[in-house]
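The values are calculated or read from the model by the stated rules, or taken from the named source; none is laboratory data. It should be emphasised that the depicted structure is a prediction, and the values quoted were computed from it without experimental measurement. Quick reminder, even Gly has a Cβ in these numbers, built from the backbone with ideal geometry, and neighbours come from all protein chains shown.
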């Protein structure tokens, strides 16, 4: 499926990568439905983009998830694609005594469990469309983990694995499964990340991604050039070098 003139649901579309991609995809003639956990930032995004539809969503709350699924399926029977972008990234310290698992539980619920719930809910509908797409969002850290964020990295590795399995299961349907794996991008996913020199500028990332998504053939893995260093590190025999670079 080419991502032009389609109706697309983007979770976490009220900030960071999600907001930038939603606005850029809308400029390609797509109609965007976005979700956001924080009402104030969701309203701000919708005020700037009145053509978008917005839904409040806390992916850690099953009632909120169920309400979103019901509303979207009832209100938008012509939905063509779902981009599962919402996620969090928090530090964890396994040298502490005791080790707190609060962050790990939040991360698993947000980055993995909710993705599975939403995919399971929307895939039957997407299979009824003449052409459709499910887009997962993993990370360069799915391939070379950051030791200070072990559960985040693990959930993104799980998203990569799930994407491969879903793609195979759906190979004889109209639904294409794509995986977007960003490098570090200049957003506030983690405090101060937007100011780090090694972070890819958000505008450059967005432009490269949308160019790929609106091309004649969209690849299974949507990869900007910057993330190749991590994605292909093991295959190219550079894993130790890449791990040291990510964790230095």
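Summed over the stretch 134-160, the residues that are surrounded by fewer than 20 Cβ atoms within 10 Å (Cβ to Cβ) and either modelled with pLDDT under 95 or more than 22 Å from residue 243 (Cβ to Cβ) (or both) give a count of 0. Is it the case that residue 45 is in contact with a helix residue (DSSP H, G or I) (Cβ under 7 Å, 6 or more places away or on another chain), assigned to a strand (DSSP E or B) and in contact (Cβ under 8 Å) with a residue 24 or more places away in the chain? Here the answer is no, as residue 45 does not meet what is asked. Taking the condition free of Cβ contacts under 8 Å to residues at least 60 places away in the same chain and crowded, with 23+ Cβ neighbours inside 10 Å, does residue 123 pass? Spelling it out, it is not the case that residue 123 is free of Cβ contacts under 8 Å to residues at least 60 places away in the same chain and crowded, with 23+ Cβ neighbours inside 10 Å. Reported count of residues in the stretch 120-133, each being touching a helix residue (DSSP H, G or I) at 6+ places or on another chain (Cβ under 9 Å) and either under 18 Å from residue 6 (Cβ atoms) or at pLDDT below 95 (or both), is 5. Per the conditions (1) assigned to a helix (DSSP H, G or I); (2) free of Cβ contacts under 8 Å to residues at least 60 places away in the same chain, the sole criterion not satisfied by residue 24 is (2). For the structure I just gave you, tell me whether residue 227 is part of a helix (DSSP H, G or I) and surrounded by 20 or more Cβ atoms within 10 Å (Cβ to Cβ). The answer is yes for residue 227. Quick check: anything in the stretch 161-168 modelled with pLDDT of 95 or more and either farther than 24 Å from residue 86 by Cβ or part of a loop (DSSP other than H, G, I, E, B) (or both)? Taking every residue of the stretch 161-168 in turn, at least one turns out to be modelled with pLDDT of 95 or more and either farther than 24 Å from residue 86 by Cβ or part of a loop (DSSP other than H, G, I, E, B) (or both). For the stretch 59-76, the count of residues that are surrounded by 18 or more Cβ atoms within 10 Å (Cβ to Cβ), at pLDDT below 95 and touching a helix residue (DSSP H, G or I) at 6+ places or on another chain (Cβ under 9 Å) is nonzero.
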